Amino acid sequence: MKTKKGFVLRSLGREFILVAEGLEAADVNKLISMNESAAFLWKSVEGKEFDANTLIALLMEEYGITREVAEKDVTSLLETWKRADIIN
C-alpha cells in the first residue's frame with residue numbers, strides 16, 4: 001500500500017485533519033479526522049510503501065502496546081483509510 005499524493009496533515013490541538021489539496025480538493029469528502037496515533041502512522045508512512053505489519057510494528061514501538069491490540073487498531077484504521085480512498 002501507499003498513501004495517495006495531494007493530502008496535507010494539519011494539526012488542530014490534539015486532533016489532526018488530513019486535507020486534500022490540488023485536484024483532490026474538489027472532492028469535499030476528502031477531509032479526514034485523525035487522532036494522534038493515526039496521524040503518527042500517516043506521517044511515518046507518507047509517500048512510502050507499507051503494509052499492515054509495518055503499521056503494527058510502528059504502533060508497538062511507539063506506544064508499547066501488544067501485537068494483538070496493534071493488529072486490531074491497524075485493521076480498523078486501514079478499513080477507514082480505504083473507505084476514504086486515501087491509500088492505494
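Annotations
- The phi-based Karplus calculation (6.51 cos²θ - 1.76 cosθ + 1.60; θ = phi - 60°) puts the 3J(HN,Hα) values of region 66-73 at 6, 4, 4, 5, 4, 4, 4, 5 Hz, whole numbers, x for Gly and Pro.
- Close lysine pairs were tallied over the chain: pairs 8 or more places apart or on different chains with Cα atoms under 19 Å apart number 17.
- Cα-derived Rg to Rh of the chain, Kirkwood definition: 0.96
- Scoring 1-10, 38-47 by mean Cβ neighbours within 10 Å over their residues and listing the highest first yields 38-47, 1-10.
- Here region 5-88 is treated with +1 on each Lys and Arg Cβ and -1 on each Asp and Glu Cβ, and its dipole about the Cα centre works out to around 140 debye.
Only the coordinates and a few stated rules stand behind these numbers; no lab work does. Because the structure is predicted, anything quoted here is derived from the model rather than measured. Neighbour counts are summed over all protein chains in view; Cβ atoms, including those assigned to glycine, are modelled from backbone coordinates with ideal geometry.
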